[in-house]
Amino acid sequence: MAVAVVTGASRGLGRALARALAAKGWSLVLDARGAEALGEVAVELSALGVAVVALPGDVTDAAHRAELVAAAEGLGGLELLVNNASVLGAEPLVTLAEQPLDGFRAALEVNTVAPLALAQAALPLLRASGGALLNISSDAAVEAYETWGGYGASKAALDHWSAVLAAEEPALRVWSVDPGDMRTAMYAAAVPTDDDSGRPLPEQAAVPALLALIGGTRGSGRYTVTELGGER
């Protein structure tokens, strides 16, 4: 059975994608900072008859990353690594003139550095399986949206190292995907004054397109859900 590691799996897109993968029979190693919420996800997905290992922790911690990779190896290997865990750097978002530098550093550490570190740790297993790396990006990485500068910069850097890794690891598929607008707790924290009731849920907006990507033949690259056939 194929094995995937999904970070940030206790809510939002991470939870929705983990649920969809479990429904297709994937074995899962799940990460999130909140132990209680992650445990609820694990119970839900285990009921589908798949192997689920839930490991609460912080992706910026090297020992936790090693634990995630070891758990995947214990399930038989690793075919897919999903770097989904992210932070905003400020809640609610603020202009760059007001951006707390500690928050900017945290965004870079969680959204850019930790995904690369986890990819480095997982590369031996991914090479062995000819697997795939899916980095969740954002349109803020390529568009100049006011107040999204810190978060967007971290995702732009994620996009770039994804492209370089794809060139360096041609036997793997390395994707960076902009999932489009979604109704999530992260967006609500980013712009709490915005009415997001009209935004689609992650399982509507992005998951079908991500499943098509994972199960299809597209090569490495940066994609949007629109390009992959999903909503935006």
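The values are calculated or read from the model by the stated rules, or taken from the named source; none is laboratory data. Keep in mind it's a predicted model, so treat the numbers as computed, not measured. Because the Cβ atoms are built from the backbone with ideal geometry, glycine has one as well, and the counts that use them run over all protein chains shown.
What the table shows:
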item: Pairs with Cβ under 7 Å, 6+ apart, first in region 9-33 and closer than 16 Å to residue 50 by Cα and touching a residue at least 12 places away in the same chain (Cβ under 8 Å), second surrounded by fewer than 24 Cβ atoms within 10 Å (Cβ to Cβ) and among the polar types (S, T, N, Q); result: none
item: Matching option when the condition is touching an Asp or Glu at 6+ places or on another chain (Cβ under 6 Å) and either within 18 Å of residue 90 (Cα to Cα) or crowded, with 21+ Cβ neighbours inside 10 Å (or both), among 131, 152; result: 131
item: Lone unmet requirement of (1) surrounded by fewer than 20 Cβ atoms within 10 Å (Cβ to Cβ); (2) touching a residue at least 12 places away in the same chain (Cβ under 8 Å) for residue 194; result: (2)
item: Residue match in region 39-50 (condition: more than 21 Å from residue 132 (Cα to Cα), crowded, with 23+ Cβ neighbours inside 10 Å and touching a residue at least 24 places away in the same chain (Cβ under 8 Å)); result: yes
item: Among residues of region 178-209, those that are under 25 Å from residue 26 (Cα atoms), touching a Phe, Trp or Tyr at 6+ places or on another chain (Cβ under 9 Å) and assigned to a helix (DSSP H, G or I), counted; result: 1
item: Of residues in region 51-70 being of a type in the set (Gly, Ala, Ser) and within 18 Å of residue 17 (Cβ to Cβ), the one surrounded by the fewest Cβ atoms within 10 Å (Cβ to Cβ); result: 51
item: Candidate set from region 175-200 (those that are hydrophobic (A, V, I, L, M, F, W, C) and modelled with pLDDT of 95 or more); member that is nearest to the chain's Cα centre (by Cα); result: 177
item: Enumeration of residues in region 123-163 that are in contact with a Phe, Trp or Tyr (Cβ under 6 Å, 6 or more places away or on another chain) and either of a type outside the set (A, V, I, L, M, F, W, C) or within 18 Å of residue 81 (Cβ to Cβ) (or both); result: 134, 150
item: Residues being part of a helix (DSSP H, G or I) and touching a Ser or Thr at 6+ places or on another chain (Cβ under 8 Å) - total across region 142-166; result: 12
item: Of all residues in region 210-229 being buried (at least 17 other Cβ atoms within 10 Å of the Cβ) and either more than 19 Å from the chain's Cα centre (by Cα) or part of a loop (DSSP other than H, G, I, E, B) (or both), the one that is modelled with the highest pLDDT; result: 220
